[in-house]
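Scroll down for the structure; my scribbles are underneath it.
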Amino acid sequence: MKGLMYGGPELVFLVAGAALAVAVSPWARRRYVTWGALRPDGAGTRLISRNRITPPGGNPAVRALYDVVMAPGSLIMERRMLQGIRQRAEGLSALPDPVTGS
């Protein structure tokens, strides 16, 4: 699947009900890949999320700026996103099963 911008979102792989990876190259100079997977974990399910951003060019100053500014910001945003998913998932698990009513 290609987006409107050249190098838009591309489905890298999909395993139904288990994993998804999407790659984005919004300005054709860097590549962003995000990956998520669902894994059984005891009585529940764990969502594993990973991402990788390749900064444009091979300039060491650009890479250093990315490591100092962009990487920590990305980690904060991803943590908040995962916390929101967890809150919604736990809220849904507290609702009665629509099929059995229990």
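Here are some notes:
- Residues of the stretch 46-70 classified as in contact (Cβ under 8 Å) with a residue 12 or more places away in the chain and in contact with a strand residue (DSSP E or B) (Cβ under 8 Å, 6 or more places away or on another chain), total: 10
Yes/no matrix, rows are residues, columns are (1) under 17 Å from the mean Cα position of the chain (by Cα); (2) surrounded by 11 or more Cβ atoms within 10 Å (Cβ to Cβ); (3) part of a helix (DSSP H, G or I); (4) modelled with pLDDT of 85 or more:
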position	(1), (2), (3), (4)
Asn51	yes, yes, no, no
Gly58	no, no, no, no
Glu78	yes, yes, yes, yes
Asp97	no, no, no, no
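- Residue within the stretch 33-49 that is under 22 Å from Leu14 (Cβ atoms), aliphatic (A, V, I, L, M) and in contact with a helix residue (DSSP H, G or I) (Cβ under 7 Å, 6 or more places away or on another chain) present: yes
- Residue list for the stretch 24-49, filter: at pLDDT below 75, of a type outside the set (D, E, K, R) and not in a loop (DSSP other than H, G, I, E, B): Val24, Tyr32
The values are calculated or read from the model by the stated rules, or taken from the named source; none is laboratory data. It should be emphasised that the depicted structure is a prediction, and the values quoted were computed from it without experimental measurement. Counting neighbours? That spans all protein chains shown, and the Cβs are built from the backbone with ideal geometry, glycine included.
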